[in-house]
Amino acid sequence: MKEILPVKIENLKRLNYVQMNASSRPECLPDMWQDLLKSLADWLTTPSPDQNILWLHGLVGSGKSTISTTLAEYFLALG
């Protein structure tokens with residue numbers, strides 16, 4: 001394992017990292033995803049000892065990042 005790890009680390013060092021400016025991410029359009037956004041906001045504000053991880057998954061380009069950004073902006077505005 002020790003022999004493999006340095007090789008992987010060296011490969012990672014050569015990769016160009018992605019720069020992301022979160023302020024430039026789009027939010028959902030006003031009438032899009034409203035039912036889903038309400039459902040997620042309700043889930044996030046209702047503590048549950050049994051469910052404490054939200055896994056937002058879907059195909060590439062299906063809107064996961066946009067939904068996440070919209071929820072983050074919503075909660076940021078609430079303080």
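Got a number for residues in segment 57-79 being touching a residue at least 12 places away in the same chain (Cβ under 8 Å) and in a loop (DSSP other than H, G, I, E, B)? Counting residues in segment 57-79 that are touching a residue at least 12 places away in the same chain (Cβ under 8 Å) and in a loop (DSSP other than H, G, I, E, B) gives 1. When you look at Thr46, is it open to solvent by less than 90 Å² (accessible area, probe 1.4 Å) and in contact with a Pro (Cβ under 6 Å, 6 or more places away or on another chain), yes or no? When the stated conditions are applied, Thr46 does not pass them.
Yes/no matrix, rows are residues, columns are (1) open to solvent by 100 Å² or more (accessible area, probe 1.4 Å); (2) at pLDDT 85 or above:
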| position | (1), (2) |
| --- | --- |
| Asn21 | no, no |
| Ser24 | no, no |
| Asp35 | yes, yes |
| Gln51 | yes, no |
| Gly58 | no, yes |
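Scan segment 32-56 residue by residue and report those that are under 12 Å from Thr70 (Cα atoms) and either out of contact with any helix residue (DSSP H, G or I) (no Cβ under 8 Å at 6 or more places or on another chain) or part of a loop (DSSP other than H, G, I, E, B) (or both). Hits for segment 32-56 are Met32, Trp33, Gln34, Lys38.
The values are calculated or read from the model by the stated rules, or taken from the named source; none is laboratory data. In this text the structure is predicted, and so the values were computed from the model without any measurement. Cβ atoms come from the backbone with ideal geometry, glycine included; neighbour counts cover every protein chain shown. Each accessible area value is taken on the protein alone, full model and side chains, heavy atoms only, with ligands, DNA and RNA left out. Shrake-Rupley method; radii C 1.70, N 1.55, O 1.52, S 1.80 Å.
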